[in-house]
Amino acid sequence: MASPQQNAQANFQDLLPTMADKLGGDGLIGELCNGFTLLMDPAKGVITFESLKRNSALMGLQDLSDDDLRSMLQEGDFDGDGALNQMEFCVLMFRLSPELMEESRLWLDDVLQHEFKHC
């Protein structure tokens with residue numbers, strides 16, 4: 001049986017690579033910031049479980065269970081406060097995009113190899 005996190009990832013259509021190609025790096029970050037703003041609790045300035053549940057349909061996540069939504073929050077919550085700040089949200093979106101993660105890894109490998117050749 002799949003875990004809630006696996007279910008959430010299976011339901012997630014990876015559009016970030018397409019967005020990155022069309023918008024460029026700055027445009028993609030801008031769109032991620034817009035997504036964060038749509039999902040956040042305006043009074044707290046972070047994405048809470050309640051704000052994610054309330055606004056999830058705006059991001060096409062209306063079919064996710066409460067457990068799936070909690071798993072998403074836990075996956076990205078690096079500081080352990082139970083919510084996602086803007087940086088945690090952006091990092092989570094990149095981590096959920098296997099293609100962007102692979103492109104980033106390849107780019108980093110190239111940079112490191114270039115640096116080591118010049119040492």
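Remarks
- Residue within the range 89-98 that is surrounded by 11 or more Cβ atoms within 10 Å (Cβ to Cβ) and at pLDDT below 60 present: yes
- Residues in the range 55-69 that are touching a Leu at 6+ places or on another chain (Cβ under 9 Å) and either at pLDDT 90 or above or assigned to a helix (DSSP H, G or I) (or both): Asn55, Ser56, Leu58, Met59, Asp68, Leu69.
- The residue that is surrounded by the most Cβ atoms within 10 Å (Cβ to Cβ), among those in the range 51-72 that are hydroxyl-bearing (Ser, Thr, Tyr) and more than 19 Å from Arg95 (Cβ to Cβ), is Ser51.
- Qualifying residue in the range 103-113 (condition: in a helix (DSSP H, G or I), touching a helix residue (DSSP H, G or I) at 6+ places or on another chain (Cβ under 7 Å) and at pLDDT 70 or above): no
- Only one entry of Gly35, Gly80 meets the criterion of being of a type in the set (Gly, Ala, Ser) and more than 14 Å from the chain's Cα centre (by Cα), and that entry is Gly80.
- Residue in the range 31-42 that is more than 15 Å from Met93 (Cα to Cα) and modelled with pLDDT of 90 or more present: yes
The values are calculated or read from the model by the stated rules, or taken from the named source; none is laboratory data. Values in this document were obtained by computation on a predicted structure and should not be read as measured data. Virtual Cβ from ideal backbone geometry, glycine too; neighbours counted across all protein chains shown.
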